[in-house]
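Here is the structure we will look at.
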Amino acid sequence: MDLYYRLKLIEIDIPPLRERVSDIPLLVNYFITRHSARLKKRVRGISTKALNLLVRHDWPGNGRELENVIQRMIIFTSTDLLDVDVVPADLADMKEPRIRTADYIWPQSLEEVEMSVIAKTLQENNGNRALTAEILGIDKSTLWRKIKLYKIE
């Protein structure tokens, strides 16, 4: 009982992973680096589509569940990039909760399409630019320039 009270001296409140969606790409990259070396497989990263599936999951098991999923994906991959083909079935079969704007756009210029996709992705991620850049597969500085160019806010 004494140990309990010694440990309870300092409480650290860490919100669940579903409330820290922007941490998921960072954790995924960390787990890929850690476990690909341990499993002696050369995995350099994860595809944008696979990462998008991981970001949309609620992660009731928090970081441990995410780590186990990444380990499993590394074990089953035959390439150097984790893709949707190794995403567990329960994550890959998730229904798309939102309609993607790019699927239903009337013909327009490439700039208008790009602006629309960036704005919609930013909105879906509550203005989180790091996560938006990760999902779109572009660098944060490129996203910043496009936001300024298209005056998105």
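Couple of notes before you dig in:
- Look at segment 64-77: where a residue is touching a residue at least 60 places away in the same chain (Cβ under 8 Å), no partner that is assigned to a helix (DSSP H, G or I) and buried (at least 19 other Cβ atoms within 10 Å of the Cβ) sits 6+ places away or on another chain with Cβ atoms under 8 Å.
- Of the residues Arg44, Arg56, Arg20, the single one that is under 25 Å from Ala133 (Cα atoms), charged (D, E, K, R) and in contact with a strand residue (DSSP E or B) (Cβ under 8 Å, 6 or more places away or on another chain) is Arg44.
- Summed over segment 86-132, residues that are open to solvent by less than 50 Å² (accessible area, probe 1.4 Å), assigned to a loop (DSSP other than H, G, I, E, B), closer than 23 Å to Thr142 by Cβ and modelled with pLDDT of 80 or more total 3.
- Asp13 fulfils the conditions (1) modelled with pLDDT of 90 or more; (2) open to solvent by 70 Å² or more (accessible area, probe 1.4 Å); (3) charged (D, E, K, R) except for a single criterion, (1).
- In segment 64-85, the residues that are touching a helix residue (DSSP H, G or I) at 6+ places or on another chain (Cβ under 7 Å), open to solvent by 50 Å² or more (accessible area, probe 1.4 Å) and farther than 14 Å from Asn52 by Cα: Phe76
- Selection from segment 19-60 of residues that are surrounded by 14 or more Cβ atoms within 10 Å (Cβ to Cβ) and assigned to a loop (DSSP other than H, G, I, E, B): Arg20, Val21, Ser22, Lys41, Val43, Ser47, His57, Trp59
- Tallying residues that are in a helix (DSSP H, G or I), open to solvent by 60 Å² or more (accessible area, probe 1.4 Å) and not aliphatic (A, V, I, L, M) within segment 133-150 yields 5.
The values are calculated or read from the model by the stated rules, or taken from the named source; none is laboratory data. Owing to the predicted nature of the structure, the values given are computational and were not obtained by experimental measurement. All Cβ positions, even for glycine, are placed from backbone atoms using ideal geometry, and neighbour counts span all protein chains on display. We work out accessible area using only protein heavy atoms, side chains counted, and drop any ligands, DNA or RNA first. Shrake-Rupley method; radii C 1.70, N 1.55, O 1.52, S 1.80 Å.
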